[in-house]
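Just so it is clear, none of the values below were taken in a lab; they were calculated from the coordinates. Just so it is clear, the model here is predicted, and its values are computed rather than measured. Virtual Cβ from ideal backbone geometry, glycine too; neighbours counted across all protein chains shown.
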Amino acid sequence: MNQKSVLSHIDSIDFTDTDELIESFNLKKTRCDCFVYKLSKDGTDLCFCGLPLHLHHESVRRAFTHKAENYPVEWNYERHTTADEPTDAFGELKFEDFKRNDPKYLRVDFRTPLDQMVKIIFEVWKMHRPKLIISITGGAKNFKINAGIKNALKRAVISAALSTDAWLVTGGTNEGIMKIIGEAFKESAIRLKNRRKLILLGIANWTTIKNNHLLTRKSTKPNMYSHDEEHFKNHPLKEFLDMQKGAYLDPNHTHFILVDNAHLNNYGGELKFQAELLDLITDPKSINVNEIPMVMLLYHQHVLGSGHFFSDIRGSESAKLQLFLKSLFFKSFAKNKKGIVNFKYKLNKNSSFFNNVMPLGGFFPDNETDK
């Protein structure tokens, strides 16, 4: 089924039938389509994708055995992967040992048409259209932040989301800045039971999600997902996965888009997809609604432990939003003895999502702040 026919009969789809959903949107998962030798591990030759030859598709094994003269010597996921099998990870999750609403999730190939994802977000998941998108990223591994700054950041981000009816968007894992935003979301949900629920969307890299084998759909019931490392023993690819290069999903997110590029133990497969998807959602020409401004908060931690937040503000109302955020963050951080310094903002009406950022503020590690 081509993209045009999918969108033309969207109103006839029974969204309670997940099998029909998968068929209608033609959603796929990703696999390596070309074995290119990278290294040997315990006597087994591995492809750049991270898998041995015998775990590749039959056509890949045949092509490698009978190499043509122009057979590739370098591997790239954009050129050497394919998506010819239906996705097998979608539906709702239950987090072991966590009591909360079941988040929705979906594994998709990185080439999935973005307008299809927009349809799923608004038509299938029924996410409300935001008046603002706040994207928070950075500080996943070896993340350090003092308690005062962390609590101030929670207050500022949640206050911004509540007062503007915003979506919060992160990398979706239970580490660093993403975990902090998840905690803030949970705390606000407890306080605001009767108010409209906030959206916390995680866009994560499928191959580096720990225990992602638990996400494979087994029935129409929600899948049970766990942070317990004991489950890793049952992962079908355990001998090829590096547990140091992975992270668990955060239990406080409401939705997950899991972007698959078939490259094991490698971060970043979701970044381009996330940037282009958010650009499409915020573009008034693409979804025929009023412009949705977007704020990107990027946390960068320095080698010595200090860190800075950077911001990128987009949209025709950037000037008003700039003043609002400046006031909000200043009030939140001013309550701490170890306060934020150096407030600066960048007014970008047409900037690229990941470019042209300037410092929003910075803080120093405890031992420096007390001097």
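Table for the structure above
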item	result
Cα pair count fraction exceeding 24 Å, expressed as % - segment 61-194	50 percent
Residue 45-residue 228 pseudo-label distance in nm [points 7 Å out on the Cα-to-Cβ vector]	4.0 nm
Packing-based exposure ordering (other Cβ within 10 Å, fewest first) of 80, 253, 213	213, 80, 253
Net lengthening on full extension, residue 58/residue 197 (0.36 nm per residue, minus Cα-Cα)	45.3 nm
Placed amide H near residue 172: partners under 5 Å, 5+ positions off or other chain	203
Listed peptides 124-137, 41-54, 151-164 by packing density, highest first (mean Cβ within 10 Å)	151-164, 124-137, 41-54
